[in-house]
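The values are calculated or read from the model by the stated rules, or taken from the named source; none is laboratory data. All values derive from a computational prediction rather than experimental measurement. Note: ideal-geometry Cβ built from the backbone for every residue, glycine included; neighbour counts use all protein chains shown. Side chains are part of the model used for accessible areas, which takes the heavy atoms of the whole protein and leaves out ligands, DNA and RNA. Shrake-Rupley method; radii C 1.70, N 1.55, O 1.52, S 1.80 Å.
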Amino acid sequence: MASSTAPASAALTREDVVPSRRRVKLPAWLEVAKPRLIPLLLATTLGGMALTEGWPLSSPRLACTLGGGALAAAAAGVLNCLWEQELDGRMQRTSGRALPSGRLSPTAAFFGAVSCTLAAALLLVSGVNCLAAGLSLLGLCSYVLLYTALLKPRTSQNIVIGGVAGAIPPLVGAAAATGHVGLGGWWLFALVMVWTPAHFWALALLLREDYRAVGIPMLPVVKGPVVTARAIRRYGLATVLLSTLGVLALPEGGLLYGLLLLPFNGRLLQMVENLAAAPDSIERAKGLFRWSILYLFGICLLLVISRLPAAAHFDAQLQAAIGHWLVSLSPTSA
């Protein structure tokens, strides 16, 4: 069994992991912006908004926040591709990308990144506030400088620390809604931070031979699949535990959120346990990677649902029912 999985790992590409990459071929100028990553960043931005008393936002402010966030994320993607174009050119899997293949010039990509950055800053400063703009640009810089340039080529814990870049959007959402970042925004920031290693290492297990070939010290390359699967299990458990604190972080609707969260956490625990039992399984790693994306989308959807008026009404009724039940159990009621 082990011998059959090793070649599969070596031959696996991102197109195998994310089939939509095969069906949709993007223009070179859009490919370098990494648009497939942006929806999840915007979802966590919405989650950060939903955790505040400022929810719901006005349509113009909401549009400016999401538009500015998308532009900043696109700029970060382009700068990442520019930094890694030589590395991408050495890997068979990535040599066909826009920059190493010559379909897009580095100069055009650089000016595109600068234009997106300026547009993001202008949109956020004029349509939202300076704090949201500053945090968004901090996310861009942390992705390009902290993760891509500093940590990725040097340490197997690169994504643990560098994951801060992907965890900043909830702070942007909170700042856009209220002008400051409260405990709810920091809770979602922390949740994304602990979710990121399990999510990314599942992908790194699939692509570890690619990383090994160019000397990138991802955890599966340095420590192997068994240690990586154990680390994924720890971070998966931490994600489940931390996610339950959303019951307290939400201004209202926390009980409904907690109930709807149960199947999401149950499935995540099942998948990390399955991978821990068979660390070399390509299918289990691929399944966990895909589910982890749906999981975070689901968390953000639950946060938005929990802020609906019906959710607050459900919470009030449930609290009243629990109160009556506790009173009926007390000795004095008899």
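Here is how the numbers come out for the structure above:
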read-out	value
Label-to-label distance, nm, for residues given as residue 95 and residue 122 (7 Å Cα→Cβ offset)	4.1
Positive-end extreme of charge dipole, the chain - chosen from 217, 146, 187 (charges on Cβ)	217
Overall form of the stretch 90-164 per C-alpha gyration tensor (a/c, 1.5; a/b vs b/c)	oblate
Accessible carbon and sulfur surface of the stretch 83-190 relative to its total accessible area, %, 1.4 Å	69
Helix axis angle, 169-178 relative to the chain longest principal axis, alpha carbon, degrees	50
Surrounding net charge for residue 28, when Lys and Arg each add one and Asp and Glu each subtract one, Cβ distance under 12 Å	+2
Charge dipole magnitude, Cβ of K and R +1, D and E -1 - the stretch 13-130, Cα centre, debye nearest 20	420
Rounded to the nearest 20 debye, dipole of the chain from Cβ charges on Lys, Arg, Asp, Glu	740
Highest-fluctuation residue, 133, 278, 316 considered, GNM on the chain with Cα pairs under 10 Å	316
For the chain, accessible area per residue (1.4 Å probe, heavy atoms of protein chains only), Å²	45
The stretch 43-63 versus the stretch 214-253: alpha-carbon centroid distance in Å	26
Degrees separating the helix 2-11 axis from the principal Cα axis of the chain, which is the longest one	70
Dipole moment magnitude, nearest 20 debye, the stretch 181-264 about Cα centre, only Lys, Arg, Asp, Glu C-beta charged	360
Rounded tilt (10° steps) of 59-83 against the dominant C-alpha axis of the chain	30
